[in-house]
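The values are calculated or read from the model by the stated rules, or taken from the named source; none is laboratory data. Model, not experiment: these values are computed from the prediction. Every residue, glycine as well, gets a Cβ built from its backbone with ideal geometry; the counts of neighbours run over all protein chains shown. Ligands, DNA and RNA are stripped out before the accessible areas are found, and what is left, the full protein with its side chains, is counted by its heavy atoms. Shrake-Rupley method; radii C 1.70, N 1.55, O 1.52, S 1.80 Å.
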Amino acid sequence: IACEACHGPGAEHVRTNRSPLRRYLSHLSASTDDSTIVNPAELPKERSAEVCGQCHSFNTVIDQARWRATGVPFRPGDALEESKAVLRYESEPRDPFLLRQLEAEPNALDGRYWADGTIRVAGREFNGMLESPCYQRGEMTCLSCHSMHGYADPSDQIARARRGDEACLQCHESPRYAAPVHTHHPLESSGSRCANCHMPHTTYGLFVAMRSHRVDSPNVARSARTGRPDACNLCHLDQTLAWSDLKLQEWYGQPAAPLDADQRTVAAGALWALTGDAAQRAITAWHMGWEPAQRASGRAWLGGYLTWLLVDPYAAVRSVAGRSLASLPGFEGFEYDYLLAADELGRRYEAAGARWARQMAEAPSRDSAHLLLNRQGGFRADTFRRLSARRDDRPLRIIE
C-alpha cells in the first residue's frame, strides 16, 4: 500500500511540485485544492469511501481478462462499480459473481456474513459501512473516523480528534447522547462508550474480535434470529438474552423478542460458547478475556467455559480461549499451546479444569442456574451436555 493506492497516479503531482517556490506557496495557502493529485477528503462521499472499499470489501474484479493483462483498472476517484463488484449479502443469491463464489465454496456466505447480512470477517469494513444508516442516510465515510496520516495509534488509525466518543458526537451532537438518560450507564463506564453499543466486536480476524463497521443499535430479536451477538450481552456475558431484552424494552421501547426456553434461562455467554458456530465461539472467547466484559460479568465463572474451549475442534477458537484464560486471576502463567497434539491438549484441559474447580470451591456463592453452575461450583452436567451437543459444527472458512 503506497501513496498512489489512495491518491491515484502521482507523476504529474511530482513533476508540478519540483519547484520549491510552488511547494512553499502551497504550504502557506489555506486551500487544499490540487488538481494534480486525488485527495480522498475532497471527493464526494461515495467516491471517498470507495477509495478504501477497493480493498476493504468482499469484492470481485468484473473484467477478469483485463485484470490478468494489466491489473485492476480502478483509480481513486473512480466509481468502484465500474471495475469491481462489491458482493453484498443475499438470502437467496442471484448475483452471478456471488453464485460463482458459492459454487467454489458452498459455505462462503456463512463464513463471511452473519445471517442478517452483516459482514463478520476482518478487513471488509466497507461492506459493514454500506449497511449503516450513518452512511446510507448521512455523510459518514471512512475518513469520518480514520486518518492515514494524523492518527494516534497505528493499530487502528483513528484520527486524533476522533478517539473515543468524539467520532460519533461530531454528528450526534445533542447532549442527550452523551448522558446517562441515553446510555443508562454511568458516564465513566464502558457501557457509555458509543462504539461498545453501536459498533460491538462481532467481526473476527487474526485471532481477535474486532469492531463491526455496521453501525446499528442492540436488538435481542435480531441476535436470537441471526446469531450475531448483541452488544448488551457481549459485556454482560453472565446475563440472559431475556434480561437484555427487558432492558431494551424499558429503555428504548423495543418490542419483546421471541425467545426460546434456553435464551430465556441460560446466560448468553454460556449459550454462545456451547452452541455457537466457530465464529461465535471465537468471539465469545475473546470477550471472556475483554476487561470491560470481565468487570460487568464477573470473572470466576468464565474459567469453566474457557477451559471447555481449550479443546474446541477449531484451532483459532482454542488460541483465543487460551489467551483469555491466561487473563483470569489464578491462571497467570498457565502453560498452553493451542497446536498441541490431542492427548496433550486433553492433559492441559484437565489441568485447567482442576485449577478452576479449586477456585470455585473457595467461592462464597456458587449456585447459579443461568450460568449452569451447581452448589459445588461445578457445571450442571445434564444441561451442559445437552447444550454442548447442540454445537453448530458447520465448517467455516473465514478468509481474512
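Data for the structure
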quantity: Residue-averaged [θ]222 nm for the chain, counting only DSSP H segments that reach four residues, each worth -39500 (n - 2.57); calculated: -11500 deg cm²/dmol
quantity: Per-residue ³J(HN,Hα) for segment 187-198, Karplus 6.51 cos²θ - 1.76 cosθ + 1.60, θ = phi - 60°, Hz, x for Gly and Pro; calculated: 4, 7, 7, 5, x, 9, 7, 3, 5, 5, 8, 9
quantity: Full-stretch length increase - Glu166, Arg94 - with 0.36 nm per residue and alpha-carbon distance subtracted; calculated: 21.9 nm
quantity: Net charge contributed by nearby residues that have their C-beta within less than 11 Å of Gly128 (K/R +1, D/E -1); calculated: +2
quantity: Per principal axis, descending, Cα span of segment 1-69 in whole Å; calculated: 45, 28, 18
quantity: Computed log₁₀ I(q)/I(0) - Debye formula, equal Cα scatterers, no solvent, segment 252-304, q 0.26 Å⁻¹; calculated: -1.04
quantity: Probe 1.4 Å, protein heavy atoms only - accessible area per residue of the chain in square angstrom; calculated: 51
quantity: Heavy-atom accessible surface of segment 67-138: percent carbon and sulfur, 1.4 Å; calculated: 46
quantity: Distant-in-sequence amide H partners of Thr203 (H built 1.01 Å from N, under 5 Å); calculated: Met210, Ser212
quantity: Unmatched cysteines, the chain - criterion: no other Cβ of a Cys under 4.7 angstrom; calculated: Cys3, Cys6, Cys55, Cys134, Cys145, Cys171, Cys197, Cys232, Cys235
quantity: Sequence-separation-based contact order of the chain, relative, with Cα cut under 8 Å and 6+ spacing, percent; calculated: 12
quantity: All-pairs Cα distance distribution in segment 242-400, expressed in whole percent, bin size 5 Å; calculated: 1, 9, 17, 20, 22, 15, 9, 4, 2, 1, 0
quantity: Compactness of the chain - radius of gyration and Dmax, Cα, Å; calculated: 23.9, 80
quantity: Kirkwood hydrodynamic radius over Cα pairs of segment 42-141, then Stokes diffusion coefficient at 25 °C and 0.890 mPa s, in µm²/s; calculated: 171
quantity: Whole-number D in µm² s⁻¹ for segment 327-386, Kirkwood Cα-pair radius fed into Stokes-Einstein, 4 °C, 1.567 mPa s; calculated: 100
quantity: Sum of side-chain charges, Val14 neighbourhood, beta-carbon under 15 Å (Lys, Arg +1; Asp, Glu -1); calculated: +1
quantity: Segment 171-271 - convex hull of the alpha-carbon atoms, volume per residue in Å³; calculated: 113
quantity: Reciprocal of mean inverse Cα separation for segment 32-88 (Kirkwood radius, Å); calculated: 12.1
quantity: Candidates Glu344, Glu131, Glu46, ranked by Gaussian network fluctuation over the chain, Cα under 10 Å, top entry; calculated: Glu344
quantity: Accessible carbon and sulfur surface of segment 152-266 relative to its total accessible area, %, 1.4 Å; calculated: 58
quantity: Amide H contacts of His146 (H built 1.01 Å from N, under 5 Å, at least 5 apart or other chain); calculated: Ala159
quantity: Counting DSSP beta bridges with both ends in the chain, the antiparallel % (nearest 5); calculated: 90
quantity: Rounded Å value of the spacing that divides the Cα centres of segment 83-162 and segment 351-392; calculated: 38
quantity: For segment 127-171, alpha-carbon Rg over 2.2 N^0.38 Å; calculated: 1.16
